[in-house]
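The values are calculated or read from the model by the stated rules, or taken from the named source; none is laboratory data. If you're wondering where the values come from, they're calculated on a predicted model, not measured in any experiment. With ideal geometry, Cβ positions are generated from the backbone for all residues, glycine too; neighbour counts draw on all protein chains shown. Accessible surface is based on the protein model in full, side chains and every heavy atom, while ligands, DNA and RNA are left aside. Shrake-Rupley method; radii C 1.70, N 1.55, O 1.52, S 1.80 Å.
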Amino acid sequence: MKTDIELTISDLNYTYPGGVKALDRISFSVARGEKVAIIGPNGAGKSTLLLLLAGLLRADGISESIRRRSGPEGRGGERAFLFQNPDDQIIATTVEDDVGFSLLQKGFDPDRVREMVEAALRRVHLGGYEDRSPQEMSFGEKKRACLAGCLIGEPSILFLDEPTLGLDPRETGQLRKILKEIPRTMLLSSMDFQMISGLADRVILLNSGKVVTTGSPEDILSDRRLMETNGLA
């Protein structure tokens, strides 16, 4: 049976303006609905790769096949990016305005957006937070509010850069459970190997801007020599 491919990367290279090569001939494919974790030591190129795939950085060598799915409002095919720090993503003074911002900018009916915001917040266990100020929320709550803002547009692919960074164990477990229940293609960079073991279908190991290997979380994370060689022991 033919695999339903959602994203294909072919010989992707990226060099920063200062001349530092961040990615070197990266190639891989992601199946529709697959959750893929990108791991590697600091400076491996994990965040750069996600920013490129999400369209927040530009480079040659990206060939995409993104299935355009019909959502309730004819939406689909979009990409969403969850930043490491929610304070870099929050732009409004209330949770409702922040989560619904993208749809309001596209001209959606405000009453419909309000309903969609409520539904998105319930998905991330923040029901009733519509009128809350983000500044009055914990770091973990703000991160989940940003996730609701990503989900409200029904993206085909969700990119997450170190999603559990800065979270305590309880918040980490809660976020992992939420992500596991979301039926979306995901690419996430993370050094949280416990979360990866419980969430990812596949792991891609990067080092020095190159793909070292790819495999199941069990095979990659249990290979002590591989992990030590790549600075991840």
In the range 95-114, how many are open to solvent by 80 Å² or more (accessible area, probe 1.4 Å) and under 14 Å from Glu154 (Cβ atoms)? 1
Criterion first (among the basic types (Lys, Arg), on the phi > 0 side of the Ramachandran plot and modelled with pLDDT of 80 or more) does Arg25 satisfy it? yes
Looking only at the range 124-157, filter to residues that are of a type in the set (Lys, Arg) and in a helix (DSSP H, G or I); which one of those is surrounded by the most Cβ atoms within 10 Å (Cβ to Cβ)? Lys143
State all residues of the range 1-33 that are over 20 Å from Arg79 (Cβ atoms), open to solvent by less than 60 Å² (accessible area, probe 1.4 Å) and touching a residue at least 60 places away in the same chain (Cβ under 8 Å); if no residue qualifies, say none. Asp24
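Select from the range 199-233 the residues that are assigned to a loop (DSSP other than H, G, I, E, B) and without any contact (Cβ under 8 Å) to a residue 24 or more places away in the chain and list them in ascending order. Quick ask: steps written out before the conclusion?
The first filter runs over the range 199-233 and keeps only residues assigned to a loop (DSSP other than H, G, I, E, B), leaving 200-201, 208-209, 216, 222-223, 230-233.
Answer for the range 199-233, where residues must be assigned to a loop (DSSP other than H, G, I, E, B) and without any contact (Cβ under 8 Å) to a residue 24 or more places away in the chain: Ser216, Ser222, Asp223, Ala233.
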Residue count, the range 175-192 (criterion: crowded, with 17+ Cβ neighbours inside 10 Å, in contact (Cβ under 8 Å) with a residue 60 or more places away in the chain and over 17 Å from Cys146 (Cβ atoms)): 1
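Considering Pro183, Pro163, which residue is of a type outside the set (Asp, Glu), assigned to a loop (DSSP other than H, G, I, E, B) and closer than 24 Å to Lys106 by Cβ?
Numbers: Pro163 fails: closer than 24 Å to Lys106 by Cβ.
Testing whether each residue is of a type outside the set (Asp, Glu), assigned to a loop (DSSP other than H, G, I, E, B) and closer than 24 Å to Lys106 by Cβ leaves just Pro183.
Keeping to the range 94-122, report how many residues are part of a helix (DSSP H, G or I) and either over 25 Å from Pro183 (Cβ atoms) or in contact with a Lys or Arg (Cβ under 9 Å, 6 or more places away or on another chain) (or both). Lay out the reasoning, then the answer.
First, pick out the residues of the range 94-122 that are part of a helix (DSSP H, G or I): 95-105, 110-122.
Of the ones still in play, those that are also either over 25 Å from Pro183 (Cβ atoms) or in contact with a Lys or Arg (Cβ under 9 Å, 6 or more places away or on another chain) (or both) are 95-97, 100, 103-105, 110-111, 121.
Going through the range 94-122 one residue at a time, the tally reaches 10.
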